[in-house]
2 protein chains.
Amino acid sequence: MGKIEAPVPTSTSMSAAEGAGAQVTILFLPVGRSVKVRRGDVLFNVAAEGGVSVDTVCGGNGSCGKCKVLFEEFIPAPVPLDYIHLTAGEIARGLRLSCQVAADRDMVVQVPAGGGRSDVRILHQGVTRDIELHPNIRKVFVPYENPRLKEHISDWDRLRLVLPRKLRPVHISLQVLRKLPGLIRNRDGLTMVLAGRRVIEIEQGNTAAEQCGIAFDIGSTTIVGFLMDLATGAELAVASAVNRQSVYGDDIIGRLSRSQRNPEGLRKLHQIVIAQLNELIAELASRAAIPTGRIYEVTVVGNMAMHHFLLQLDSTYLGLAPYAPVIREEFVVNAGDLGLSICAEAPVFVLPNIAGFVGSDTVGVMLASNLGVGGEYRMAIDVGTNGEMALANRARLIACSAPAGPALEGARIKMGMRAAPGAIDHVRIGSDVEITVIGGLPPVGICGSALIDIVAQLRKAGLMSRTGAFMRKSELPPDTPVRLTERVIEAGQRKNTYFIVARAEDTGAEKDVVITQQDIRECQLAKGAIRAGAMLLLDEMGIVENDLAEVQLAGAFGNFLDPESALRAGLTPNIPLDRIRSVGNAAGVGAKLALLSVRERKRAIRIAQRTEHIQLSGSAAFQKAFTVAMQFPI
Amino acid sequence: MGKIEAPVPTSTSMSAAEGAGAQVTILFLPVGRSVKVRRGDVLFNVAAEGGVSVDTVCGGNGSCGKCKVLFEEFIPAPVPLDYIHLTAGEIARGLRLSCQVAADRDMVVQVPAGGGRSDVRILHQGVTRDIELHPNIRKVFVPYENPRLKEHISDWDRLRLVLPRKLRPVHISLQVLRKLPGLIRNRDGLTMVLAGRRVIEIEQGNTAAEQCGIAFDIGSTTIVGFLMDLATGAELAVASAVNRQSVYGDDIIGRLSRSQRNPEGLRKLHQIVIAQLNELIAELASRAAIPTGRIYEVTVVGNMAMHHFLLQLDSTYLGLAPYAPVIREEFVVNAGDLGLSICAEAPVFVLPNIAGFVGSDTVGVMLASNLGVGGEYRMAIDVGTNGEMALANRARLIACSAPAGPALEGARIKMGMRAAPGAIDHVRIGSDVEITVIGGLPPVGICGSALIDIVAQLRKAGLMSRTGAFMRKSELPPDTPVRLTERVIEAGQRKNTYFIVARAEDTGAEKDVVITQQDIRECQLAKGAIRAGAMLLLDEMGIVENDLAEVQLAGAFGNFLDPESALRAGLTPNIPLDRIRSVGNAAGVGAKLALLSVRERKRAIRIAQRTEHIQLSGSAAFQKAFTVAMQFPI
């Protein structure tokens, strides 16, 4: 006490000290442990001393090649043993043997969960993408330290200085800062939750193992949520619900007109979707047995209208030419500000839209399908009330939306219905008609996939002309099986003809399930619009159908569609069947990718920026193509 | 309608087009007018065509030198006429003749309000600082444009693209975005308010002329607010109030103990200051006749305790060794989140603190006083319950706080009082005692500045020893005027001696105003602590009193202090009187500077980072220095 104490190091002098001093900070992810060590220690030993488990057989002598770790931010130059044990791809991605790296600076190191793989396979009904896990969310455990040892260091500095300099957060909100003095003096230590450079939450004790996020696909018809473990990339739970906005209109146009120049209508639509998201959040959290507060990020895809309703943005002008959205780009808002019941400052990342009605769901499909990668031309079609479709190779990406109408969702079809229990979902016509019914129940109606099957099979069996007219019985091919002939019911004019898909007496249904000439016309309008859109994209790109290496059928509906029927019905371009794939909810997969990796998120942003929107409405070329596409190809 | 429309330009291709295209955007400030023109037009003409008034006599032929403008971001190379008409300093600062500049790229141009000066003189009771106006807040008027002309451009893009690329905002909140579709289609146009790269508000019509901010100095005793015009730097109004937190304790320690481990106490202290700030905001806005919603930024200085109360940060550990604050750095929070009734997303910039009890008020003083600039050593002393002082030249900045106690604010002094009407504020002792009284009223007490005067003058007149003891009448110098001798009242022991400063019969007061031996002891404790702190700073810096080029007395109290008395009383280091200045509310000036210029704000941050905190409490050297400093120097 005989003299004035040494000056307190300021943050500037502290940084300088780190540059020249004896200590460096190594942050191990995903466990989120920050270890301060003497500069120059071997990384493998640092991990062991810090209690971080790195795979090994040889104990760090360089012979087994198991101790590989992935470097973020700074990647050391590879040494000979790296080339011996690792593949060129692993070296390129930043993997190195930890027993060969000296901790000579601050480092951020991903420790693979096992077997040395740090990447994740995202698989969902046909779409498979291997990605590296680069979540926006990071958790870092900060052990308790006696504050008396660090004179005059503020609580916030003590929290920040745990991190390597490059990762130091620049922002903490007042709400989180207010919790800090108590937690930083708690003997259990605390875990800070980082979203990029923001501290969005601090929690008592070590909660680094619990880090979840949700990817939402908000469709006009269905909302799906995927609860993902951000540390491992594992899908913990899935939940879905019918979009209750449908009480304000089955399709987008109905809901748009409800919200146009009607703030109250918009507010209702917004409240409905927020309430449903919260129900799904609760359901997902309960299934995975995690608290909702441990959900730290949400990504969302949806069409332009769903996007505006979610954010409660005035959609008046979205429904009027020139169809200007309020915002096209990606948007981030705090969950709490949006009313979502998860960690209050969790970012809600709404993926970017393209233009017109081509929204972030299409961006999600393009991201999941890797559209715009490689030299081959590939097309993705999201079949729905609006058929959104994109065509791309690495040089150019274009997209459009075609007004298919609601026929494929069962509307305007005499016995049409959604793909719910009791719906005929697939039909095959041979010597007689074979059907499958959702839930194995007696059939009560026809859903969209069966509608496409029926027209494809009617045409194949010769019961329908290329223009879509029922043949009169007298015009049927002579070898038509009698069981089929009996199903054609003529009632005066040709337009009153109908076909019995399922007889009540055969199936135990209350009445026959039939398809009418008018139903076929409605189906032609729908598939014709989609086909015409696809053809105009080909024209715009200056290629022909056969140049397509692949056509992907996406969307919940696209997934149930039989590729052969889609081809025969003339919904898709006319290409060899083996180039057509159903890829399921690719939009949802896109949302998952964006949740698990900030690199995928950036790719989504680039896709949205690069994709040109081709406007079909009001285009005479579209009208012309549509007229042709209404017919059947063969 | 014969073919598909051209692809919509994406934001990427749009940027590329601007790089190579024919149009550039010139943003004129402070009017906030954005003008798109043909690349290569003369800037002087662009301004005229855009309705922006630039000073001129010759009409743009280069002969008058009046049309100078200040370039931000990009500064063109000076041409010969610039050297003819402008000073070297003007050229260095980025001023150019607008008639000599081709608008060959996006530009941001400040048009001086008149006379070619774009800088502002901040003057307040002695502290004068000329600064360039670089407010964080910018307003830009966006005229109405028929949206049909810009197909598929989102509303947000239309707003963003008005700005030169470098200034394009990267963030708009959901709340502001929700207002956009309506306002961007309003025929009056809209004005966007930018805080850095954030759009914090949009307003109907052209409101670019109205842009205000408030600088607050939150003292333990008094809160002062300055309403500033951010476009001109003019001070529009000042308002102040006694800090009502004083009901929870006159000094910081009392309030700290009220809030320690007591969230409810903290909440009350927080609510009081927020309520008072809102009252001052209302008063300032009313005086200047502006709506409170047109206040877009707030800067705040205050000591560490005021800082924590303002932000409602747990101050438990601030009052306990090692006196760790929750956060030391600058902090920004939205006004709405803090509960201030101005533009909801207006940033509240709380200046950074140094350490211990040395808060952002000291940083404000150092900023206003230009401490740490130049080679000479200068000291600033903020005289208050805690005396904060800083000593610096360009190489090193150090600061400390000394526990002066409340004597100088009138507490523990028999007839002490605050500097309110009726307080004797200055005293001069010659052949008799002359006093001045605040408000010209009959005197009822003594405020701090008079207390320092009294001890200085008693010592000068030989009525008091160097150790601060009243002389017995028998010991007085023989030439002591009888009128003074009569005022010394002996009452038994020496410690009961007192001195009549103002006789009731002379002044019309109800009773005599006196100063006691005990009062002098209290005054010695206060001034001794400050002097001891100053001496230790000199020791720490390795210099002596005479090396000081200047000592500034800051703070409301420091301003009333007579420099000569401060010197004689031994409150300041013993240096020639002409090196001592009273600089008034320099902390408030610092807050104003930070409000008017982001560069000053950055300087404040650097000052806080660079300044070393010298811990006095518990230091034996301080105790020793204090004992010496209690005595009088001559």
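The values are calculated or read from the model by the stated rules, or taken from the named source; none is laboratory data. Note that the structure is predicted; figures quoted are calculated from it, not measured. Here Cβ is always computed from backbone atoms with ideal geometry, including for glycine, and neighbour counts include all displayed protein chains.
Assess whether residue B:326 counts as being closer than 22 Å to residue B:256 by Cα, within 12 Å of chain A (Cβ to nearest Cβ) and outside any strand (DSSP E or B). Quick ask: steps written out before the conclusion?
On the way: closer than 22 Å to residue B:256 by Cα: yes; within 12 Å of chain A (Cβ to nearest Cβ): yes; outside any strand (DSSP E or B): yes.
Judged against the criteria, residue B:326 is a match.
Using the structure shown, decide if residue B:372 is surrounded by fewer than 24 Cβ atoms within 10 Å (Cβ to Cβ), in the same structural domain as residue B:296 (by TED's automatic domain parsing) and out of contact with any Cys (no Cβ under 8 Å at 6 or more places or on another chain). When the stated conditions are applied, residue B:372 does not pass them.
Could you look through the range B:608-624, keep only residues that are in a helix (DSSP H, G or I) and closer than 20 Å to residue B:378 by Cα, and pick out the one that is nearest to the other protein chains (Cβ to nearest Cβ)? It would help to see each step written out before you state the result.
Initially, the range B:608-624 is screened for residues in a helix (DSSP H, G or I), giving B:608-610, B:620-624.
Checking the rest, the ones that are also closer than 20 Å to residue B:378 by Cα come to B:608-610.
Working: B:608: 8, B:609: 5, B:610: 6 Å.
Checked the range B:608-624; the qualifying residue nearest to the other protein chains (Cβ to nearest Cβ) is B:609.
Out of A:269, A:227, A:277, A:256, one residue alone is crowded, with 22+ Cβ neighbours inside 10 Å, over 23 Å from residue A:335 (Cβ atoms) and in contact (Cβ under 8 Å) with a residue 40 or more places away in the chain. It is A:256. Out of everything in the range A:12-25 that is farther than 28 Å from residue A:134 by Cβ and small (Gly, Ala, Ser), what residue ends up being modelled with the highest pLDDT? The extreme case among them is A:22.
Would you tally the residues in the range B:414-429 being over 31 Å from the mean Cα position of the chain (by Cα) and in contact (Cβ under 8 Å) with a residue 40 or more places away in the chain? Break it down into steps so the answer makes sense when it comes.
Here is the first cut: in the range B:414-429, the ones over 31 Å from the mean Cα position of the chain (by Cα) are B:414-415, B:428-429.
Checking the rest, the ones that are also in contact (Cβ under 8 Å) with a residue 40 or more places away in the chain come to B:414-415, B:429.
Count: 3.
If you go through the range B:37-65 and keep only what is closer than 19 Å to residue B:94 by Cβ, of a type outside the set (A, V, I, L, M) and surrounded by 19 or more Cβ atoms within 10 Å (Cβ to Cβ), you end up with just B:44.
Among the residues of the range B:471-499, write down those that are among the hydrophobic types (A, V, I, L, M, F, W, C) and either crowded, with 16+ Cβ neighbours inside 10 Å or in contact with a Leu (Cβ under 8 Å, 6 or more places away or on another chain) (or both).
So the first thing to find is which residues in the range B:471-499 are among the hydrophobic types (A, V, I, L, M, F, W, C), and the list is B:471, B:476, B:482, B:484, B:488-489, B:491, B:499.
Those that are among the hydrophobic types (A, V, I, L, M, F, W, C) and either crowded, with 16+ Cβ neighbours inside 10 Å or in contact with a Leu (Cβ under 8 Å, 6 or more places away or on another chain) (or both): B:471, B:476, B:484, B:488, B:499.
Filtered by the rule that a residue be of a type in the set (D, E, K, R) and farther than 23 Å from residue A:436 by Cα, the range A:515-573 gives A:521, A:531, A:539, A:540, A:545, A:547, A:550.
Is there a residue being of a type in the set (Ser, Thr, Tyr) and not assigned by TED's automatic domain parsing to the domain that holds residue A:349 anywhere in the range A:233-242? The answer is no, given that none of the residues of the range A:233-242 is of a type in the set (Ser, Thr, Tyr) and not assigned by TED's automatic domain parsing to the domain that holds residue A:349.
Hey, can you tell me all the residues within the range A:163-191 that are touching a Ser or Thr at 6+ places or on another chain (Cβ under 8 Å) and within 16 Å of residue A:204 (Cα to Cα)?
Going residue by residue through the range A:163-191, those that are touching a Ser or Thr at 6+ places or on another chain (Cβ under 8 Å) are A:163-165, A:181, A:191.
Listed by number, the residues that qualify are A:181, A:191.
Going through (1) in a helix (DSSP H, G or I); (2) crowded, with 18+ Cβ neighbours inside 10 Å one by one, residue A:468 falls short only on (1).
Is at least one residue of the range B:365-379 within 12 Å of chain A (Cβ to nearest Cβ) and either in a strand (DSSP E or B) or of a type in the set (Gly, Ala, Ser) (or both)? Please lay out each step first, then the result.
First, pick out the residues of the range B:365-379 that are within 12 Å of chain A (Cβ to nearest Cβ): none.
Looking through the range B:365-379, none of the residues is within 12 Å of chain A (Cβ to nearest Cβ) and either in a strand (DSSP E or B) or of a type in the set (Gly, Ala, Ser) (or both).
What residue, among those in the range B:430-449 that are assigned to a helix (DSSP H, G or I) and in contact (Cβ under 8 Å) with a residue 40 or more places away in the chain, is surrounded by the most Cβ atoms within 10 Å (Cβ to Cβ)?
Of the range B:430-449, the ones assigned to a helix (DSSP H, G or I) are B:438-440, B:448-449.
When the remaining residues are screened for being in contact (Cβ under 8 Å) with a residue 40 or more places away in the chain, the result is B:448-449.
Working: B:448: 29, B:449: 27.
Result: B:448.
Could you tell me whether any residue of the range A:388-400 is within 13 Å of chain B (Cβ to nearest Cβ), modelled with pLDDT of 95 or more and not in a strand (DSSP E or B)? Among the residues of the range A:388-400, not one is within 13 Å of chain B (Cβ to nearest Cβ), modelled with pLDDT of 95 or more and not in a strand (DSSP E or B), which makes the answer no.
Scan the range A:330-351 and tell me whether some residue there is part of a loop (DSSP other than H, G, I, E, B), within 13 Å of chain B (Cβ to nearest Cβ) and of a type in the set (S, T, N, Q).
Narrowing the range A:330-351 to residues part of a loop (DSSP other than H, G, I, E, B): A:330, A:339-346, A:351.
Filter once more, so that each one left must be within 13 Å of chain B (Cβ to nearest Cβ): A:330, A:339-340, A:344-345.
Subset that is of a type in the set (S, T, N, Q): none.
No, that holds for no residue.
Within the range B:302-323, the only residue that satisfies the criterion of being at the interface with another protein chain (Cβ under 7 Å from one of its Cβ atoms) and crowded, with 24+ Cβ neighbours inside 10 Å is B:313. One residue alone among A:180, A:174 is more than 23 Å from residue A:236 (Cβ to Cβ), buried (at least 23 other Cβ atoms within 10 Å of the Cβ) and more than 32 Å from the chain's Cα centre (by Cα), and that residue is A:180.
The set of residues in the range A:242-292 being closer than 24 Å to residue A:405 by Cβ and among the small types (Gly, Ala, Ser) consists of A:246, A:249, A:254, A:257, A:259, A:265.
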